[in-house]
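Have a look at the structure below, then the notes.
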Amino acid sequence: MTQAILTPDTASEAGDGTQIGGQSKKVFVKTYGCQMNVYDSERMGDALTRDGYQTVDTVEAADLVLINTCHIREKAAEKVYSQLGRLAKLKKQRKADGGDLMVAVAGCVAQAEGREIIRRAPVVNVVIGPQTYHRLPEALAKARQGESVVETDFPTEDKFDGLPTTPEKAIRARGVAAFLTVQEGCDKFCTFCVVPYTRGAEVSRPVDRILSEAERLASAGVREITLLGQNVNAWHGKGADDREWGLGELVRRLATIDGIDRIRYTTSHPRDMDDALIEAHRDLPELMPYLHLPVQSGSDRILKAMNRRHTAAEYVKLVERIRAARPDIALSGDFIVGFPGETDADFEDTMQLVREVNYASAFTFKYSIRPGTPGADMDNQVDEAVKTERLARLQDLINEQTRAFGRECVGRTVDLLLEKPGRNTDQLIGRSPWLQPVIVDAKLGKIGDIIRVRITQPGTTGLFAEIAE
Ligand code: 5AD
Ligand code: SF4
């Protein structure tokens, strides 16, 4: 997913905008990677807005370009350097015209590569990691004095304490479905994954901060929140009753907030799927029947080499327990093909697990060597052509399951949260409880409404529905 996050509308929040050299400061934000990066870009946008920046939606109109990067696979990381190459040319041209351009690189590539980014791409003025971005305005001020700034430590202070709360107008401009980070980092150390190194150790945000952020979102018209964490179901914290809560208890409390009608969370680890969370799925209509629960592989040998700390059978059993609690739950997953040592038989185990579980959707990836992870040093790397062939077979199977799920939904009556205009002006797009985009006639409601509809037909990019009588 790539996306420019900050709309000109949120930018207008800057209002009287601080002036530098007689010009207002203008930032263009480019976000790569996961939902947490989207959330982080919004928060950096809030900090820059307070610092007098307006957001613009082209690089050409900006005097600061902020790239929020992803390091999860090699391709994602390399995109950053091609973008920086284009920016170097633009900066040269600006300088020739008597102007300038500042470039800041944030996110997981910033954390992983640090000063190396400036060595490879001297166009960059600021490198700032995911745990230090509350210091971005300060870093930019230093950079304006001509210093290049690298901020990639894991500070002891909580970055959220150093960030401004999002103004109501900006929340409204971002829509009726919002992200809320509750947990960051990972202590699991799967052998393919950079997250424990780029996002650091597992940290849970305290209950009171999460509740006050959720209340702010609700009072600004947000009706659906997605709780974010690299290991979101490992979240824990001291509840109002002085007991240690897990994610299940937190969701139960969030569901009592007036205005919050729908709750989701992502991404979960099978080992942290405890009874309280499964019971929350059983009991709470606000908790949407959709669960992203990556398994990565269906082979016990590969799961062991990946350090996943569960077997395929344990995963399948867990899915059965979750489905017993909430029979209509839609499952999604992540799969890696071609992990070092993966044989044809291991891959067949993955295909078998997918057939057994039956996913509503899933993300599939070819294994990508990440420097510094144990997988990178394994000597039985799989041939690229084999990975390509396995990926195609797995994708075919999952696409077939996704289409079958869409067909199964036809005739069902569901609540739809209307989120945005459709491609045609007479259409609106909402999300089904199972996260599918659903297209309806714009006359049926307005953005922010939850309407009862009957799914009428599956389409290529979503489902179609009409009002349920
Ligand atoms: N290569 C391929 N895919 C990876 N993922 C994480 N690290 C790698 C890697 N080195 C995938 C996993 C994870 C998702 C976010 O990205 O499937 O769940
Ligand atoms: Fe990476 Fe997820 Fe494994 Fe943590 S649990 S190391 S984030 S794949």
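If the cut-off is 26 Å between C-alpha atoms, which lysines fall inside it for K446, apart from same-chain ones fewer than 8 positions away?
The reachable lysines, counting only those whose Cα sits under 26 Å from K446, are K169, K420.
How long are the semi-axes of the equivalent ellipsoid of segment 310-351, defined as square roots of 5 times the Cα gyration tensor eigenvalues? Whole Å, largest first. Could the numbers behind the result be given before it?
On the way: eigenvalues 131, 24, 12 Å².
Equivalent ellipsoid semi-axes, largest first: 26, 11, 8 Å.
If you scale each eigenvalue of the Cα gyration tensor by 5 and take the root, what three semi-axes come out for segment 132-256, rounded to whole angstrom and sorted largest first?
27, 22, 13
Between E168 and D328, what length in nm is gained on full extension when 0.36 nm per residue of separation is reduced by their alpha carbon distance?
Computed gain between E168 and D328 is 54.1 nm.
Would you work out the relative contact order for segment 287-346, in percent, from Cα pairs under 8 angstrom that are 6 or more residues apart?
Averaging sequence separation for qualifying contacts and normalising by length gives 51 percent for segment 287-346.
Quick one: putting +1 on the C-beta of Lys and Arg, -1 on the C-beta of Asp and Glu, what dipole do you get for the chain around its Cα centre, in Debye to the nearest 20?
The calculated dipole for the chain is roughly 1040 debye.
Binning every alpha carbon pair distance of segment 213-253 at 5 Å from zero, what are the percents per bin?
6, 20, 24, 24, 19, 7, 0
Hey, quick one: spin label on V386, modelled 7 Å out along Cα-Cβ, who in segment 337-374 has an amide N within reach, i.e. under 13 Å?
337-348, 367
Starting from the Cα of A376, step 7 Å along the direction of its Cβ; do the same at K317; then give the gap between the two resulting points in nm.
Inter-label distance under the simple model: 3.6 nm.
Report the percentage of all Cα-Cα pairs in segment 303-382 whose separation exceeds 17 Å, rounded to a whole percent.
Considering segment 303-382, 52 percent of its Cα-Cα pairs are separated by more than 17 Å.
Below 17 Å, Cα to Cα, which aspartates and glutamates can K30 reach? Residues fewer than 8 away in the same chain don't count.
Within the straight-line cut-off, K30 pairs with D9, D40, E42, D46, D57, E60, D63, E78.
State, in angstrom, two size descriptors of segment 122-174 derived from its alpha carbons: Rg to one decimal place and Dmax to the nearest whole number.
Taking only Cα atoms of segment 122-174, I get Rg and Dmax of 13.3, 38 Å.
Using just the alpha carbons, could you tell me how many Å³ per residue the convex hull of segment 52-171 encloses?
Numbers: hull volume 15.2 nm³, N = 120.
Value for segment 52-171: 127 Å³ per residue.
Could you work out the Kirkwood radius for segment 214-296, taking every pair of different alpha carbons, averaging 1/r and inverting it, reported in Å?
It is 13.1 Å.
If you take all C-alpha pairs in the chain, what percent of them are over 42 Å apart?
Cα-Cα pairs of the chain separated by over 42 Å account for 17 percent.
In the chain, which cysteines lack any other cysteine Cβ under 4.7 Å from their own?
Result for the chain is C34, C70, C108, C186, C409, no neighbouring Cys Cβ within the cutoff.
Under a straight-distance cross-link criterion of Cα-Cα below 18 Å, which lysines are reachable from K25, leaving out those fewer than 8 residues away in the same chain?
K91, K95, K142
Label 7 Å along Cα→Cβ of T425; segment 157-188 residues with amide nitrogen under 16 Å?
In segment 157-188, the label zone of T425 (backbone N under 16 Å from the point 7 Å along Cα→Cβ) covers no residue.
None of the figures in this text is laboratory data; all of them are computed from the coordinates on show. The shown structure was predicted, so the numbers you read here are calculated from the model rather than taken from an experiment. Ideal geometry is used to build each Cβ from the backbone, glycine not excepted, and the neighbour counts take in all protein chains shown.
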